[in-house]
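Right, one structure below, let's go through it.
The values are calculated or read from the model by the stated rules, or taken from the named source; none is laboratory data. A quick note: this is a predicted structure, and the numbers were derived from the prediction, not measured. Glycine also receives a Cβ, built like all others from the backbone with ideal geometry; neighbour counts cover every protein chain displayed. The accessibility values were calculated without ligands, DNA or RNA, using every heavy atom of the protein model including side chains. Shrake-Rupley method; radii C 1.70, N 1.55, O 1.52, S 1.80 Å.
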Amino acid sequence: MRVEHAALRFGRDPSCDVVIAEPTVSRRHAQASWDGRELVIEDLGSSGGTFVNGMKVQRAVLHPGDVVRLGPRTEYLAQPEESSSALEIAAGQSGSDEGGVRHLQTLLEVARALNAATVLEEVVHVVLQAAVRLLRADRGCVILIENGERRTVACHPRDLPETSWAARSSLFDRALAERRVVHAGLELSPSTSMVVRGAVLAVVAPLLVARRPIGPAKDASFVATVEVIGGIMVERAKAGHRFGQEDLAVLESLAADAAVAVDSARLYRETREKAKIDHEMALARTIQAALLRPPPQVPFADVFAFSQSARFVGGDLYHAAVREDGALAVALGDVSGKGVPAALIMAMVQGLLGLLHELGQPIASVLPALNRSLIEHNPGNRFLTLGAAVLAADGTLELANAGHCPLAVLRGDGTVQLVSPKGPILGLLPAATWGTDTLRLAPGESVVLYSDGISESFSPNDEEFGVEGVQRTLAGLAGASAEDVAQGLLKAAAAHRAGREAEDDVTLLVVRYRGPA
């Protein structure tokens with residue numbers, strides 16, 4: 001860059017003459033000025049300091065060969081007029097070179113625009129328009145590489161009928177492979193595709209970003225890997241002067257700023273998308289929690305329910321309702337899979353169970369009705385295991401098990417009676433049938449429904465808690481309240497896992513019979 005009479009300010013702030021996208025540089029870090037005789041560098045109260053040849057300074061006269069460092073990382077070399085840095089080439093070899101001044105002014109304008117832009121589409125549009133203007137091009141494209149695939153994200157003119165040519169260009173391949181600005185045309189042997197498009201000159205600048213390891217301080221490193229994230233390609237359709245050193249240097253400078261801006265815009269977009277997904281998942285979890293309402297209490301029984309998803313939302317469900325005849329209907333199920341798809345099926349089953357019990361359907365009819373609905377309205381072919389029970393006020397207990405974990409009846413003497421499945425899972429077999437069991441509970445006895453998140457708890461040495469663990473735990477909880485039975489089983493499974501999180505959804509429902517009201 002050229003420092004003449006006016007002061008040239010350096011910093012991260014977009015209002016600075018030289019905008020430096022480096023976190024260790026202050027917003028208004030330093031300024032350089034030329035009074036016709038001396039070039040002076042002055043610190044503007046920066047946090048990282050301004051250094052000349054390694055010595056921290058507040059104000060110093062610069063001489064040819066002096067190294068100016070802004071903060072710990074950003075360095076500039078003071079050189080006489082005849083130097084050939086990229087920006088000085090862009091500025092021109094003499095004050096009369098209006099093209100060079102125009103190039104420098106455009107680069108500064110673009111740097112400010114890119115520093116303020118956060119939306120990827122805006123960034124690539126600014127970059128492409130600047131490249132076309134700086135190189136007096138007739139056609140151009142910005143290509144980005146995402147997941148190994150090349151994609152044209154901007155083109156000039158915008159109404160180009162076909163834009164995939166840039167991503168397939170052999171010149172683009174060469175620029176990416178060599179990681180430098182390359183050009184073709186005239187005596188440089190234009191490609192066949194260029195001739196077909198009517199282009200006589202083309203130039204490509206790769207977009208390069210440096211990646212440094214992020215982690216604990218002991219793993220920190222200043223060694224970076226360079227990643228190619230895309231490129232800028234522009235073409236001229238009219239014969240004339242070939243792209244000169246000035247053009248290539250200007251495009252290279254533009255590409256360097258563009259790569260940082262594109263990478264930042266991508267990160268900003270990914271952060272926004274993740275925040276949106278997190279918000280929607282939190283909302284889904286709230287809705288699912290609302291569906292798993294506290295079970296109703298009846299005069300003849302105590303009911304306790306618990307459910308915890310392994311993810312934001314899960315496929316386990318429990319349902320409890322008081323039927324028109326006064327009986328208490330309960331169910332506990334597990335939809336195959338996890339996450340949102342399983343949660344949607346879970347919500348549908350909740351609604352169907354409520355409707356079937358409201359219509360007074362006997363338990364023998366509930367499972368076939370659920371099976372038909374799941375087969376008809378289940379595009380993902382997901383299945384459901386379900387344990388269901390209806391407890392009357394006189395202690396009569398009807399049980400049905402569709403491929404679910406054995407239901408446990410805890411007797412007053414500590415005996416645990418298991419009710420195994422009498423039919424397959426729901427949602428797959430149209431002609432399937434299910435049997436039911438009828439038992440009678442005495443006051444103080446309980447029925448326990450649980451999901452495989454409890455029985456399939458594993459210890460650190462890979463031993464399963466299993467149905468045997470459920471039986472063993474319940475045998476020591478005879479006569480306890482519904483909540484105490486549930487908490488005792490949950491704690492036993494957690495202890496078996498040695499405090500580790502469950503790998504599957506954990507759901508539990510306990511009904512303890514008090515006796516006739």
note = For Thr286, the lone unmet condition from (1) among the β-branched types (Val, Ile, Thr); (2) modelled with pLDDT under 70; (3) part of a helix (DSSP H, G or I) is (2)
task = Return the total of residues in the stretch 353-388 being open to solvent by less than 70 Å² (accessible area, probe 1.4 Å) and at positive phi.
result = 1
key: All positions within the stretch 61-103 that are of a type in the set (A, V, I, L, M, F, W, C), at pLDDT 50 or above, open to solvent by less than 30 Å² (accessible area, probe 1.4 Å) and out of contact with any Ser or Thr (no Cβ under 8 Å at 6 or more places or on another chain)   = Leu62, Ala78
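Give Gly412, Gly423 a once-over and let me know the one that is of a type outside the set (A, V, I, L, M, F, W, C), assigned to a loop (DSSP other than H, G, I, E, B), under 42 Å from the mean Cα position of the chain (by Cα) and farther than 21 Å from Val340 by Cα. Outline the logic, then answer.
On the way: Gly412 fails: under 42 Å from the mean Cα position of the chain (by Cα).
Every option except Gly423 fails the conditions.
Of the residues Thr438, Thr433, which is over 21 Å from Asp334 (Cα atoms), out of contact with any helix residue (DSSP H, G or I) (no Cβ under 6 Å at 6 or more places or on another chain) and of a type in the set (Ser, Thr, Tyr)?
Numbers: Thr433 fails: over 21 Å from Asp334 (Cα atoms).
It is Thr438.
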query = Failed condition for Val204, given (1) surrounded by fewer than 20 Cβ atoms within 10 Å (Cβ to Cβ); (2) touching a strand residue (DSSP E or B) at 6+ places or on another chain (Cβ under 7 Å); (3) at pLDDT 75 or above, with all others met?
reply = (1)
remark   = Those residues of the stretch 247-283 that are in contact (Cβ under 8 Å) with a residue 40 or more places away in the chain, closer than 30 Å to Val340 by Cα and of a type outside the set (A, V, I, L, M, F, W, C) come to a total of 3
remark   = Only unsatisfied item for Glu121, checking (1) touching a helix residue (DSSP H, G or I) at 6+ places or on another chain (Cβ under 9 Å); (2) modelled with pLDDT of 85 or more; (3) in a helix (DSSP H, G or I), is (2)
ask   = For the subset of the stretch 404-454 comprising residues that are open to solvent by 30 Å² or more (accessible area, probe 1.4 Å) and touching a Pro at 6+ places or on another chain (Cβ under 6 Å), which member is nearest to Ala393 (Cα to Cα)?
value = Leu418
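Check Leu474, Leu509, Leu489 and return the single one that is in contact (Cβ under 8 Å) with a residue 40 or more places away in the chain, under 27 Å from Ser336 (Cα atoms) and touching a Pro at 6+ places or on another chain (Cβ under 9 Å).
Values: Leu474 fails: touching a Pro at 6+ places or on another chain (Cβ under 9 Å); Leu489 fails: touching a Pro at 6+ places or on another chain (Cβ under 9 Å).
One residue alone meets the criteria, Leu509.
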